[in-house]
Amino acid sequence: MLEGLSMFRRALPLGCLSLTILSGCMLIDPISIGGCTDFTCRVSVSSQIISADGSEITLPLLCRAPQWTPHTPRGAFEEVKAIVYARRDGQWRQAPFTRAQMAADSNSKDWTPTIPGDYGSARSCAADCRRFVHLKQINPPNTAYHYEVFYSENGVERQITHFNLNGAPLSWPRLSADGKTATVHFGRSIALINVVTGEVAVIPFAGPAWKACTETP
């Protein structure tokens, strides 16, 4: 019995063995031990906000200091910021943003409605709400669990993106109040969609978001 236990101990990595007495090793959360050190845990992105004319996209961020762990009290070592993309010059800039603004956007009318029969979809209305965009699951050949952005006007809908990617990397479709520009969250990018022409531009935000959350202005 003792011989078997000795062999088991030798098979364990040294770092794991040193933590076994405390919490069983397998249950250790690396973030809890080493702090929050990368994009995945230090930057939390909320739904983008598109201006009425589609000229600017605001991306609210919840930035976490290295001291943050999943076990810290809510709000501790956290700060709300935002970056704004201006289409006129193709640049991201930092902008003032508050937790109240983030909460207000999360509770806005275009956050909770879904398209009947399309679980997980979200929609966003133009000013008159005769027009909106939403996610819809489709199944192209050799592609499973696949979503695209659809545009609806007076009950007539059409597909306005053709990313043709497996899985569901899209979220938070939004439509400008003038109904001309749509945007959708696309991994660590946003996609800007010209509703009239169908032109799509994918704009990465990871770099500017990381800079905003980790560098002192």
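The values are calculated or read from the model by the stated rules, or taken from the named source; none is laboratory data. Source: prediction; values computed, not measured. Backbone-built Cβ (ideal geometry, glycine too); neighbour counts: all protein chains shown. Just so you know, the surface numbers come from the protein's heavy atoms only, side chains and all, with ligands and any DNA or RNA stripped out. Shrake-Rupley method; radii C 1.70, N 1.55, O 1.52, S 1.80 Å.
What the table below lists for this structure:
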{"item": "Output for the stretch 166-180, where each listed residue is surrounded by 15 or more Cβ atoms within 10 Å (Cβ to Cβ), of a type in the set (A, V, I, L, M) and in contact with a Phe, Trp or Tyr (Cβ under 9 Å, 6 or more places away or on another chain)", "result": "Leu170, Leu175"}
{"item": "Criterion violated by Pro60 - all others in (1) without any contact (Cβ under 8 Å) to a residue 60 or more places away in the chain; (2) surrounded by fewer than 20 Cβ atoms within 10 Å (Cβ to Cβ) satisfied", "result": "(2)"}
{"item": "Residue match in the stretch 68-79 (condition: modelled with pLDDT of 90 or more, under 19 Å from the mean Cα position of the chain (by Cα) and open to solvent by less than 30 Å² (accessible area, probe 1.4 Å))", "result": "no"}
{"item": "From the options Ala52, Ala11, residue that is of a type outside the set (Asp, Glu), at pLDDT below 65, open to solvent by 60 Å² or more (accessible area, probe 1.4 Å) and over 21 Å from the mean Cα position of the chain (by Cα)", "result": "Ala11"}
{"item": "Selection status of Glu215, surrounded by fewer than 12 Cβ atoms within 10 Å (Cβ to Cβ), under 17 Å from Pro60 (Cα atoms) and of a type in the set (D, E, K, R)", "result": "yes"}
{"item": "Contacts under 8 angstrom Cβ, first residue in the stretch 44-55 being among the acidic types (Asp, Glu), partner open to solvent by 30 Å² or more (accessible area, probe 1.4 Å), 6 or more apart", "result": "Asp53/Ala177; Asp53/Asp178; Asp53/Lys180"}
{"item": "Those residues of the stretch 62-103 which are assigned to a helix (DSSP H, G or I) and within 26 Å of Pro204 (Cβ to Cβ), in sequence order", "result": "Arg99, Gln101, Met102"}
{"item": "Residue check for Val202: buried (at least 19 other Cβ atoms within 10 Å of the Cβ) and assigned to a strand (DSSP E or B)", "result": "no"}
{"item": "Some residue of the stretch 114-133 being open to solvent by less than 30 Å² (accessible area, probe 1.4 Å) and at pLDDT 75 or above", "result": "yes"}
